[in-house]
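Asks: Dumping the structure here so I can ask a few things about it.
Readers should treat all values here as calculations from the given coordinates under stated rules, not as data from a laboratory. Everything numeric in this text was worked out from a predicted model, so none of it was measured. Ideal geometry is used to build each Cβ from the backbone, glycine not excepted, and the neighbour counts take in all protein chains shown.
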Amino acid sequence: MTSTIGGGASGVPERKIRVLVAKPGLDGHDRGAKVIASAFRDAGFEVIYTGLHQTPEMIVAAAVQEDVDVVAMSVLSGAHMTLFPRVQELLAQAGADHVLLTGGGIIPEEDVRALEARGVGKLFGPGTPTTTAIAYIRDWFAASQKAS
Amino acid sequence: MSTRERKVLQRQKEREARLRDAGSEQATPAARVEDWQELRSTLPERDAPFTTVSGRPVEPLYTERDRAGADPAAIGLPGFFPFTRGPYATMYRTRLWTMRQFAGFATAQDTNARYKYLLDHGQTGLSVAFDFPTLMGFDSDHPRSLGEVGVCGVAISSLADMERLFEGIPLDQVSVSMTINGPAIILFCFFVAAAEKQGVAAEAIRGTAQNDILKEYQAQHAWVFPPEPALRCIVDMFAWCSEHAPKYNPISISGYHIREAGATAAQELAFTLRNGFEYVERGIARGLDVDSFAPRLSFFFDVHNDFFEEIAKLRAARRIWARGMRERYGAKDPESWRLRTHAQTAGVTLTAQQAENNIVRVAYQAMAAALGGTQSLHTNSMDETLALPTEKAVRIALRTQQILAHESGVANTIDPLAGSYFVETLTDQLEKDALEIFAEIDELGGVVPGIEQGWFQQQIAMSAMRQQREVEAGERVIVGVNDFTEGSENIEIETLRIDPAVERRQVASMAELRARRDAARVQSTLAALTEASRSRENLVPRILECARAYATLYEIRHAMESVFGSYKEPVFF
């Protein structure tokens, strides 16, 4: 995308951050996914929403096709210990391990720590302000731009 | 006291004195509404929204003026049309609400043990929570089920699982509610067949299948078939139950999920009742006599944080239903006018932060449900934003209902808030809002076109976004989340974990089932079902035959799907 959201600190136009909001598995609870997708859009991100009931394969295919910077998964089904590692694995296989895999949902603290330890990005629980997730993605993006 | 306030009071006192001197009948100091308004204008208001959770403005005071022109017949008496005060004449004086905790996890054996525990602790009905694969019509050994078997509910893939689920629980004595929608007709047949195995005839089974597909498309999203064949299956169940299972509720028309997905109280009320009327229209279109099936239609509402609005919502729901059924659909049997409902406290109000505070939220919501006149109630457990509830958390939730029923006194008198200027005004407002929303739905061409256009889904998403903004802007206080925080909010509390071995055990038991059943009988019953799906015959007897042959959930789903196709959602945010 060539559209800009105003100049960065250096005055160089920044490109928009591209985020895939994804609902993996059979869980139909999409209130959080839709709220966060709208908040990301309001924050100036390019947002693609997958819709419900996606397999990890479908999510990674969409991430590659849409050339996103971030995959944000919403999981309220308890299947996070299967779904996050699987998407992470498939992203790596697709040569897309530069993509930030983050997300949120009903995920016990212990599992959050385990997933973060294996390289998944930050996972946000219920009650997190959308601004916290937005700031996290912005910071990550700025750091990854500098690194590359 | 401010100077202005003092002046107003002085002037009012002088007026009273003049009246007294003139020997007026109003000589006793009687405050008038104008006096109160005058006085009020001198006093500051706290910086708070003064709106309901749904955004409805609330006046500081309601008086008889708000009721001017109100029709007393709209309130009526409990057990009589329009049932505003309750569906039954004596309500909790005769029978308390059913305390029905929604439960299910892991395998049928694990959940069976939890049910026995709940029944031993005074619970009076069962409510089955299925896992996501079951809700979506997948067997435990289907590739789409990977990682989700038994995690969010119990895995039921065949009659064999259903038999294990109710082992030692007499199905003619315990009423069972099943939260199942997309494949409801299949799970219902497993249930009927499991009862048969116990020697209990369909005539004797009591309970409810949620079976409300319209709200699945709108909010909860556990669908299988497209709307038209899905509605056909529902009407098949109405027809079959009215003939063969007269004590069974073949549907629970649910606002709960609509509200949890973000809707306001008025949207929940309107969408739910309009869905209900849609089912009635479908039944009538099939040629069923409305009074043959309408008495068994039941409802399920959310009970959210706003105490009075929730009470008013339940009262308004009964009135709208009664009026619609009698006046629009020509139902003659008072049983068809009577809205009976289950209620659940609002899961969405639970906070992960300072999770013990949820006990208090649930208690207030439960009280609103009782004051609103619910027939049964599920109270959420404090730990449900973290994981499935532990036994201890479930016990506290159940005890909350018992304290409400036996200690608080709310069950002593019927509809105690009737006649309250505020509650009656709110009840009227909610009814009016619902009728306006009905008109909008009619303009879209009805419920199914509204779903296909994504209208319901967008309305709900917009309301959810508004609520999120209010909370993030600090306009609405959520204790422990955006105010009264303590720094470290996430208390380590014990949570229930599902062992991954559950999935392996369940998959192994499926393999064992497939090996031992009569494969030819499975194939022939499935083929007959596919054939029947092409015709207009009632599918319940066909699916029952498949169930008895131990055909699995996905096999039965597939046999129908080959004719019906599957549902594709309109994706947007």
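Asks: Using Cα centres only, tell me the gap between region A:25-81 and region B:119-161 in whole Å.
Replies: 25 Å
Asks: Kindly identify the protein assembly as shown as rounded, prolate or oblate by the Cα gyration tensor criterion: order the square roots of the eigenvalues as a ≥ b ≥ c, call it rounded if a/c is under 1.5, otherwise compare a/b with b/c, prolate if a/b is larger, else oblate.
Replies: Judged from the Cα gyration tensor, the protein assembly as shown comes out oblate (a/c at least 1.5, b/c at or above a/b).
Asks: Take every Cα-Cα distance within region B:159-292, group them into 10 Å bins from 0 onward, and report for each bin the whole-number percent of pairs it holds.
Replies: 13, 40, 33, 13, 1
Asks: On full extension of the chain, what length is gained from B:ARG514 through B:SER292, given 0.36 nm per residue of separation minus the C-alpha to C-alpha distance?
Replies: Length difference between fully extended and current span is 76.0 nm.
Asks: Which shape class applies to region B:446-573: rounded if a/c is under 1.5, otherwise prolate when a/b exceeds b/c and oblate if not, where a ≥ b ≥ c are the square roots of the Cα gyration tensor eigenvalues?
Replies: The shape class here is oblate.
Asks: Under 5 Å between amide hydrogens, which residues at least 5 positions from B:ILE478 or on another chain qualify, with H placed 1.01 Å from N in the peptide plane?
Replies: B:ASP483
Asks: Right, something else. Could you tell me the calculated FRET efficiency between B:GLU440 and B:GLU569, based on Cβ-Cβ distance and R0 = 22 angstrom, to the nearest 0.05?
Replies: 0.55
Asks: Any chance you could tell me what percent of the C-alpha pair distances in region A:15-147 go past 28 Å?
Replies: Every Cα pair in region A:15-147 considered, those over 28 Å come to 5 percent.
Asks: At a Cα cut-off below 15 Å, give the aspartates and glutamates reachable from B:LYS247, other chains included and same-chain residues fewer than 8 away excluded.
Replies: B:ASP172, B:GLU203, B:ASP291, B:GLU335
Asks: Step through the residues of region B:443-460 one at a time and calculate ³J(HN,Hα) from phi using the Karplus curve (6.51 cos²θ - 1.76 cosθ + 1.60, θ = phi - 60°), rounding each to whole Hz and writing x for Gly and Pro.
Replies: Residue by residue, region B:443-460 yields 5, 6, x, x, 5, 5, x, x, 5, 5, 7, x, 5, 4, 4, 6, 4, 5 Hz.
Asks: Once every Cα of chain B carries one equal point scatterer and solvent is ignored, give the base-10 log of I(q)/I(0) from the Debye formula at q = 0.05, 0.10, 0.12 Å⁻¹, two decimals.
Replies: Cα-only, vacuum Debye calculation for chain B: -0.23, -0.86, -1.22.
Asks: Quick one: 3J(HN,Hα) in Hz for region A:99-110, Karplus 6.51/-1.76/1.60 with θ = phi - 60°, rounded, Gly and Pro as x.
Replies: Listing the rounded values in order: 6, 7, 9, 10, x, x, x, 8, 10, x, 3, 4 Hz.
Asks: Between helix A:80-93 and chain A, what is the angle of the helix's C-alpha long axis to the longest principal axis, kept within 0 to 90° and rounded to the nearest 10?
Replies: 50 degrees
Asks: Okay, next question. Output ³J(HN,Hα) for region B:377-390: one whole-Hz value per residue in order, computed from phi by the Karplus curve 6.51 cos²θ - 1.76 cosθ + 1.60 with θ = phi - 60°, and x for Gly and Pro.
Replies: Coupling constants for region B:377-390: 8, 10, 9, 6, 8, 5, 9, 6, 7, 9, 5, 5, x, 7 Hz.
Asks: Under 5 Å between amide H atoms, partner at least 5 residues away or on a different chain: which partners does B:MET178 have, H built in plane at 1.01 Å?
Replies: Under 5 Å from the amide H of B:MET178 lie the amide H atoms of B:VAL128, B:THR208, B:ALA209, B:GLN210, each far enough along the sequence or on another chain.
Asks: Using a 7 Å offset from Cα along Cα-Cβ at B:GLU452, what residues in region B:210-238 end up with backbone N under 11 Å from the label point?
Replies: Hits in region B:210-238 for B:GLU452 at 11 Å: B:227-228.
Asks: If I take every Cα pair under 8 Å that is 6 or more residues apart in chain A, average their sequence separation and divide by the length, what percent do I get for the relative contact order?
Replies: 21 percent
Asks: Do you know the relative contact order of chain B, to the nearest whole percent, from alpha carbon pairs under 8 angstrom that are 6+ apart?
Replies: 18 percent
Asks: Could you work out how far apart the two model spin labels at B:HIS558 and A:ASP97 are, taking each label as a point 7 Å from the Cα in the direction of the beta carbon, and quote it in nm?
Replies: Spacing of the two 7 Å Cα→Cβ label points: 3.7 nm.
Asks: A further question on this structure: List the residues, sorted by chain then number, that are 5 or more residues from A:GLY51 or on another chain and whose placed amide H is less than 5 Å from its amide H.
Replies: A:LYS23
Asks: While we're here: Gain in length, B:ARG399 to B:PHE422, computed as 0.36 nm per residue apart minus the alpha-carbon separation, to one decimal in nm?
Replies: 5.2 nm
Asks: Next question, about the same structure. What are the lysines whose alpha-carbon lies under 30 Å from the alpha-carbon of A:LYS122, with same-chain residues fewer than 8 places away excluded?
Replies: A:LYS16, A:LYS23, A:LYS34, A:LYS146
Asks: Roughly how many nanometres apart are two label points built 7 Å out from the Cα toward the Cβ at B:LYS116 and B:LYS7?
Replies: Placing both labels 7 Å beyond Cα along the Cβ direction yields 7.8 nm.
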